[in-house]
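Visitor: This structure is in structure tokens; I'll ask about it shortly.
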Amino acid sequence: MSKSIMEITWEELDAIDKEKAVIFIIFAPIEQHGKHLPLGVDVFESKYWEQKVIKLLEDEFNDYEFLVMPPVTFGYGNMSDFPGNLYLKQTTIKTVAYEIIENIVNWGIKNIVIISGHAEPKHLIAIEEACEEINTKYGVVAFSPMGAIFSNKELGLNIKHHHEIEKLFKQYSNDFHAGWIETSNMLDIEESLVKTNYIEQPDIDVNPQDMIFPEKVLKKIRGFGHIGYPKIASSKIGKLLNDGMVKILFKAIRAFIRRNNYQKYEHHFLYDNPILKTSNKGVK
Ligand SMILES: [Zn+2]
């Protein structure tokens with residue numbers, strides 16, 4: 001059973017074997033998710049994956065303690081024009097991530113894992129930069145595998161999905177936001193939070209190359225908010241997707257805890273692109 005950091009005393013925290021403790025932090029913004037999904041989708045997804053992966057890890061590492069931080073519910077994003085977004089500047093995300101992680105390092109914990117259901121590259125890269133700086137200063141303690149997981153194809157990580165999911169990925173590939181993927185995930189996680197009007201939402205197709213141009217994206221999604229194909233969503237697809245995500249996360253975090261071949265999960269495939277770094281002067 002994982003423990004919330006908010007429910008234990010400092011003495012209980014102090015008594016934990018820090019070498020055998022893993023702490024999870026969710027970093028995912030409150031953000032518009034179309035007319036059919038709630039603002040907290042990325043947080044709900046992250047929480048669900050976190051809880052499921054901790055269960056698997058507890059079986060594998062039965063002498064370890066698993067702790068969870070309350071979710072950090074803001075992030076970097078560019079879908080402005082919609083009420084409900086909680087965005088901070090990319091540089092702020094990096095600073096906040098760095099400072100939170102540094103506090104935890106000072107508690108003595110040696111395994112700090114960041115989970116994010118928010119696939120925006122600049123959000124994930126900011127967190128990865130924070131982890132890299134922490135790891136350079138303190139030795140390897142922080143790990144943020146979501147950038148690599150979201151870009152596993154480009155990285156050639158060879159992650160196998162269920163054949164039904166592979167088929168959908170091919171057929172409905174440009175499903176970037178609140179489309180069939182996230183709607184299905186939420187139908188599996190908490191159906192009561194999905195409005196039944198998801199079956200009435202139009203297909204909104206944005207080319208992957210256009211995703212880096214916020215004006216182009218906003219023009220297409222105005223009045224709706226999603227990018228993709230919500231109407232084909234189902235809880236059955238969601239279960240396959242969520243199970244798949246938990247399996248990949250388990251593999252990555254297990255590798256990190258063992259410090260064995262985890263480096264391939266450390267960075268988004270665009271990590272080395274200077275335009276997407278917080279050091280890019282044009283970036284806010
Ligand atoms: Zn989302």
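The values are calculated or read from the model by the stated rules, or taken from the named source; none is laboratory data. These numbers were taken from a predicted model, which means no experiment stands behind them. As a convention, Cβ positions derive from the backbone with ideal geometry for all residues, glycine included, and neighbour counts pool all protein chains shown.
Visitor: Condition test on Phe250, is it modelled with pLDDT of 95 or more, under 18 Å from Gln32 (Cβ atoms) and of a type outside the set (A, V, I, L, M)?
Guide: no
Visitor: Can you pull out the residues in region 19-53 that are within 12 Å of Met69 (Cβ to Cβ) and among the acidic types (Asp, Glu)?
Guide: The answer is Glu50, and nothing else.
Visitor: Continuing with this model, one more query. Scan region 49-58 for residues that are in contact with a helix residue (DSSP H, G or I) (Cβ under 7 Å, 6 or more places away or on another chain) and either on the phi > 0 side of the Ramachandran plot or more than 13 Å from the ligand (Cβ to nearest atom) (or both) and jot them down.
Guide: If the condition is that a residue be in contact with a helix residue (DSSP H, G or I) (Cβ under 7 Å, 6 or more places away or on another chain) and either on the phi > 0 side of the Ramachandran plot or more than 13 Å from the ligand (Cβ to nearest atom) (or both), then Lys52, Val53, Leu56, Leu57 are the ones that fit.
Visitor: Within the bounds of region 60-76, is there any residue that is surrounded by fewer than 20 Cβ atoms within 10 Å (Cβ to Cβ), within 13 Å of the ligand (Cβ to nearest atom) and within 18 Å of the chain's Cα centre (by Cα)?
Guide: yes
Visitor: Find the residue count for region 27-39, including only residues that are among the small types (Gly, Ala, Ser) and either without any contact (Cβ under 8 Å) to a residue 40 or more places away in the chain or more than 13 Å from the ligand (Cβ to nearest atom) (or both).
Guide: 0
Visitor: Here are some residues: Glu58, Glu50. Which one is under 30 Å from Pro230 (Cβ atoms) and part of a helix (DSSP H, G or I)?
Guide: Glu50
Visitor: Any chance region 134-149 includes a residue that's in a helix (DSSP H, G or I), touching a residue at least 12 places away in the same chain (Cβ under 8 Å) and surrounded by fewer than 18 Cβ atoms within 10 Å (Cβ to Cβ)?
Guide: Yes - at least one qualifying residue is present in region 134-149.
Visitor: While we're looking at this one, here's another question. Any residue at all in region 106-125 that's part of a helix (DSSP H, G or I), within 12 Å of the ligand (Cβ to nearest atom) and within 20 Å of Phe176 (Cα to Cα)?
Guide: yes
Visitor: Quick check: is even one residue across region 40-47 within 16 Å of the ligand (Cβ to nearest atom), in contact (Cβ under 8 Å) with a residue 12 or more places away in the chain, assigned to a loop (DSSP other than H, G, I, E, B) and of a type in the set (Lys, Arg)?
Guide: no
Visitor: Continuing with the same structure: Output yes when any residue across region 247-262 is of a type in the set (Lys, Arg), assigned to a loop (DSSP other than H, G, I, E, B) and surrounded by fewer than 19 Cβ atoms within 10 Å (Cβ to Cβ), and no when none is.
Guide: Yes, some residue in region 247-262 is of a type in the set (Lys, Arg), assigned to a loop (DSSP other than H, G, I, E, B) and surrounded by fewer than 19 Cβ atoms within 10 Å (Cβ to Cβ).
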